[in-house]
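First the structure, in the form of structure tokens, and then the observations on it.
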Amino acid sequence: MKTYSHSRLEAFQNCPLSYKFQYIDKVKSDRDSVEAFLGNCVHETLAKLYQDLKMAKLNSEEELVKYYHQTWEKNWHENVFVVRKEYTADDYRETGERGIREYYRRYAPFDQGKTVWIEQFVKVKIDHSEGYQLTGVVDRLVDLGGGRYEVHDYKTSGSLPSQEKLDRDRQLAIYQLAVHEYFSDARDVDLIWHYLLFDKELRSKRTEKQLGKLKKEVLELIKTIEDTEEFEARESELCAWCVYQDICPKRKHLFMVEPLPPKEFKADEGVKLADRYVALREEQKRIEEEIEEVKQQLGDYAQQMGVDTVVGSGAILSVKKVTRPSFPDSRDPERQDLERVCMELGRFQEVCSFDVRKLAKVVTDQLWDEDELSEIEPFVEWRESVEVRKKKTLKPEESY
């Protein structure tokens with residue numbers, strides 16, 4: 001039976017290449033973001049709280065906090081990295097302590113129902129004919145009696161989600177499927193998130209219809225993953241927290257040079273080439289603007305003097321002011337209206353140009369049928385070229 005998890009599905013949606021590194025190539029990384037490290041320490045601490053309660057032992061607030069700090073110290077390693085440079089690892093550590101203290105004070109003596117699962121690994125069959133199952137680890141499941149259950153999840157995120165996002169959350173909805181599969185009496189399940197850094201309890205529910213839709217969506221996503229041949233990197237703000245930056249083609253060079261001192265950074269061959277390219281493009285832009293300005297001045301001069309030829313020391317220039325029509329470009333909403341008018345006049349083909357750039361995309365991405373592509377194959381000559389584009393202009397305070 002083929003097995004997936006919410007984490008695995010989310011990894012593909014966030015970045016197919018990162019998914020490939022983790023789940024196909026099984027690349028091991030000893031790097032860990034401080035946010036992930038904090039979350040693990042908090043989860044382990046709250047798991048101890050409820051494990052001890054099952055044995056009739058209630059830890060005091062100070063005992064629990066002490067265990068949290070011991071867990072932090074025991075597991076801390078040199079490859080835990082902090083992305084937000086305005087904060088230190090100790091800031092995160094103290095934030096975790098505050099979250100645990102506030103949780104303890106809010107729920108002590110922790111008698112809100114009977115805890116039946118703590119960090120429980122579960123399996124859920126989502127399609128018997130296809131042979132797929134989902135797995136996950138439920139932070140805590142509470143039995144309130146009478147077929148009522150609560151799925152609890154601890155979050156150490158620094159931001160709160162909207163209710164709309166919670167109502168679309170896939171992870172806890174999968175856990176609800178597990179509750180129904182494991183407990184025959186389950187008729188009413190609440191999904192609860194504890195956002196510890198805000199001392200907030202957020203809730204959502206799922207209907208049977210919504211759970212059915214979830215299964216279909218998960219199956220579609222799994223089929224998309226299994227049909228994927230090229231796992232391309234997808235850049236987003238999440239890249240800064242990725243543990244595969246040292247092998248990702250979009251982040252590897254940045255990962256190499258970012259920690260370098262200024263002198264070594266400037267000496268890097270890639271940095272020098274990139275700086276040279278940007279400088280030349282800026283110079284090109286300045287020159288093109290200056291050329292346009294001089295052309296206008298030449299036009300004004302020729303018109304004033306009543307001539308169409310201007311002599312220089314090294315060239316003779318033909319200068320003439322002309323007036324040509326201008327139309328909305330392809331990004332202008334009025335362009336569609338213009339094209340519609342031409343179609344209605346039956347003249348569209350007369351003014352429609354043959355765009356070889358679009359044809360190149362058709363061939364490269366194989367957007368047409370195989371038979372159609374074979375018809376134009378004799379005209380295709382594959383040439384190697386280098387494409388360079390400026391992705392971002394760094395502000396002075398962002399420069400490395």
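The values are calculated or read from the model by the stated rules, or taken from the named source; none is laboratory data. The shown structure was predicted, so the numbers you read here are calculated from the model rather than taken from an experiment. Neighbour counts run over all protein chains shown; Cβ positions are idealised from the backbone, glycine included.
Considering (1) buried (at least 18 other Cβ atoms within 10 Å of the Cβ); (2) within 16 Å of residue 9 (Cβ to Cβ), the lone condition that residue 197 does not fulfil carries the number (2). For region 298-317, the set of residues classified as of a type outside the set (A, V, I, L, M) and surrounded by 10 or more Cβ atoms within 10 Å (Cβ to Cβ) consists of 299, 300, 301, 303, 308, 309, listed by residue number.
Can residue 151 be described as among the β-branched types (Val, Ile, Thr) and without any contact (Cβ under 8 Å) to a residue 60 or more places away in the chain? Against the criterion (among the β-branched types (Val, Ile, Thr) and without any contact (Cβ under 8 Å) to a residue 60 or more places away in the chain), residue 151 qualifies.
Return the total of residues in region 65-92 being part of a loop (DSSP other than H, G, I, E, B) and among the hydrophobic types (A, V, I, L, M, F, W, C).
3
Residues considered: 197, 160, 191. Of these, the only one that is within 22 Å of residue 102 (Cα to Cα), in a loop (DSSP other than H, G, I, E, B) and under 27 Å from the mean Cα position of the chain (by Cα) is 160. Tallying residues that are touching a residue at least 24 places away in the same chain (Cβ under 8 Å) and surrounded by fewer than 18 Cβ atoms within 10 Å (Cβ to Cβ) within region 154-168 yields 7.
Say whether the condition of being more than 47 Å from the chain's Cα centre (by Cα), among the aliphatic types (A, V, I, L, M) and either within 30 Å of residue 377 (Cα to Cα) or not in a helix (DSSP H, G or I) (or both) is met by at least one residue in region 336-351. Break it down stepwise before answering.
Going residue by residue through region 336-351, those that are more than 47 Å from the chain's Cα centre (by Cα) are none.
No, region 336-351 has no match at all.
Checked across region 271-291, the condition of being basic (Lys, Arg), under 30 Å from residue 246 (Cα atoms), touching a residue at least 24 places away in the same chain (Cβ under 8 Å) and part of a helix (DSSP H, G or I) holds for at least one residue. Only one of the numbered conditions (1) outside any helix (DSSP H, G or I); (2) of a type in the set (S, T, N, Q); (3) under 29 Å from the mean Cα position of the chain (by Cα) is not met by residue 95, and that is (1).
Only one of these conditions is not met by residue 177: (1) more than 30 Å from residue 54 (Cα to Cα); (2) without any contact (Cβ under 8 Å) to a residue 60 or more places away in the chain; (3) crowded, with 19+ Cβ neighbours inside 10 Å; (4) not polar (S, T, N, Q). Which number is it? Only one criterion is unmet by residue 177, namely (1). Is it true that some residue in region 65-75 is closer than 17 Å to residue 37 by Cα, buried (at least 17 other Cβ atoms within 10 Å of the Cβ), modelled with pLDDT of 95 or more and touching a Phe, Trp or Tyr at 6+ places or on another chain (Cβ under 6 Å)? No, because not a single residue in region 65-75 is closer than 17 Å to residue 37 by Cα, buried (at least 17 other Cβ atoms within 10 Å of the Cβ), modelled with pLDDT of 95 or more and touching a Phe, Trp or Tyr at 6+ places or on another chain (Cβ under 6 Å). Hey, does region 207-216 have a residue that's assigned to a loop (DSSP other than H, G, I, E, B), surrounded by 12 or more Cβ atoms within 10 Å (Cβ to Cβ), touching a helix residue (DSSP H, G or I) at 6+ places or on another chain (Cβ under 7 Å) and at negative phi? No: region 207-216 contains no residue that is assigned to a loop (DSSP other than H, G, I, E, B), surrounded by 12 or more Cβ atoms within 10 Å (Cβ to Cβ), touching a helix residue (DSSP H, G or I) at 6+ places or on another chain (Cβ under 7 Å) and at negative phi.
I'd like to know if region 56-75 contains one or more residues that are among the small types (Gly, Ala, Ser), out of contact with any helix residue (DSSP H, G or I) (no Cβ under 7 Å at 6 or more places or on another chain) and under 22 Å from residue 135 (Cβ atoms). No; the residues of region 56-75 include none that is among the small types (Gly, Ala, Ser), out of contact with any helix residue (DSSP H, G or I) (no Cβ under 7 Å at 6 or more places or on another chain) and under 22 Å from residue 135 (Cβ atoms).
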